[in-house]
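The values are calculated or read from the model by the stated rules, or taken from the named source; none is laboratory data. Given the structure is predicted, the values throughout are model-derived calculations rather than measurements. Here Cβ is always computed from backbone atoms with ideal geometry, including for glycine, and neighbour counts include all displayed protein chains. When the accessible area is computed, the model is the full protein with side chains, heavy atoms only, and any ligands, DNA or RNA have been set aside. Shrake-Rupley method; radii C 1.70, N 1.55, O 1.52, S 1.80 Å.
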Amino acid sequence: MTSNISQLLEIAIFLLGFYSVSLDLAACANFSEVFQFNWAPLHIISEGDQIKLTLDNISGCGFESRKKYLFGQASVQIKLIEGDSAGTVTAFYMSSEGPNHDELDFEFLGNVSGEPYLVQTNIYVNGTGNREQRHALWFDPTLDFHTYSFFWNRHCIVFLVDRIPIRVFTNKEENGVPFPRNQAMSIRGSVWNADDWATQGGRVKTNWTHAPFVSTFRSFINDACEMLSETEDIWAQCGKLGRFWWDKPAFHGLNRHRSHQLKWVRRRHLVYDYCKDTTRFTELPRECIA
């Protein structure tokens, strides 16, 4: 009986963590209290609880959180550019600063009307990326808002779409694989032109007669350890074992249900995985080896 109760509590903690709505970001009605524009502010339109990022032939735009975070969960709801969005990229990502930065990316690659949107995920550690995966989404992300989330602790990074895991990056530091756990990252969003690569490898260019291109963000949720100042010892503040819900054993990896969801996504919707790109690597990266 005690064992069963313990298992139920662990599951409850798991669900509470992944499904909880809002701590500081969602509770903040004023976008400017939490975020700042980091380029082309005139291309960002605030309408109630929504922020519209616009792209035209002059500029894209972007914003970032005023604070930085180490470990936890960050989410946003996005409605992507409608119609012919070829050549455009909408991004929701986390990043630290400098050439040796860490970064977690959702990049939504524009499409020709009628073709599926692709979402590219990537992970940078100490300035090195090249860890791309691409998925075709199982819904039209231009018709309504959908939720995109990062979950991040010292054991793994999980990318989620509508609470379904599409990618897991496991900490394999014991095998010599670098893992982002020492640099606090800000939360960012942007829209820009990338028609040299974004759609069909750059073969389809941006049609500027359809501009302005608009992606809408809302319902920011952040439940993460906040870096209080630039001089703070972030590891002392955020690295203490057992202090936060994401340190609980239930969050060291996926449970059975989520593992099945991940397998379904990989089987049905994964269209590119750098770990299987034998034309790109003469020897597979260490993290790709089980």
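Numbers for the structure displayed
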{"quantity": "Candidate set: the range 48-69, residues that are in contact with an Asp or Glu (Cβ under 9 Å, 6 or more places away or on another chain) and basic (Lys, Arg); chosen: the one nearest to Val34 (Cα to Cα)", "calculated": "Arg66"}
{"quantity": "Filter result for the condition that a residue is closer than 26 Å to Gly201 by Cα, in contact (Cβ under 8 Å) with a residue 40 or more places away in the chain and open to solvent by 30 Å² or more (accessible area, probe 1.4 Å), over Arg134, Arg181", "calculated": "Arg134"}
{"quantity": "Qualifying residues in the range 81-131 (those that are of a type in the set (D, E, K, R) and not in a strand (DSSP E or B)) - the one most open to solvent (accessible area, probe 1.4 Å)", "calculated": "Glu82"}
{"quantity": "Residues of the range 132-170 that turn out to be touching a strand residue (DSSP E or B) at 6+ places or on another chain (Cβ under 6 Å), among the polar types (S, T, N, Q) and either closer than 12 Å to Ser75 by Cβ or not in a strand (DSSP E or B) (or both), as a count", "calculated": "3"}
{"quantity": "The range 219-262 - residue that is buried (at least 16 other Cβ atoms within 10 Å of the Cβ) and of a type in the set (Asp, Glu) and, of those, nearest to Gln183 (Cα to Cα)", "calculated": "Glu226"}
{"quantity": "Any chance Val191 is open to solvent by 50 Å² or more (accessible area, probe 1.4 Å) and in contact with a strand residue (DSSP E or B) (Cβ under 6 Å, 6 or more places away or on another chain)", "calculated": "no"}
{"quantity": "Leu42 vs. criteria surrounded by fewer than 20 Cβ atoms within 10 Å (Cβ to Cβ) and either modelled with pLDDT under 95 or charged (D, E, K, R) (or both)", "calculated": "no"}
{"quantity": "Where a residue in the range 266-284 is touching a residue at least 24 places away in the same chain (Cβ under 8 Å) and under 16 Å from Arg131 (Cβ atoms) and its partner, wherever it lies, is open to solvent by 70 Å² or more (accessible area, probe 1.4 Å) and part of a loop (DSSP other than H, G, I, E, B), with Cβ under 7 Å and at least six apart", "calculated": "Tyr274/Asn130; Tyr274/Arg280"}
{"quantity": "Candidate set: the range 198-218, residues that are under 20 Å from the mean Cα position of the chain (by Cα) and open to solvent by 40 Å² or more (accessible area, probe 1.4 Å); chosen: the one nearest to Asp49 (Cα to Cα)", "calculated": "Arg218"}
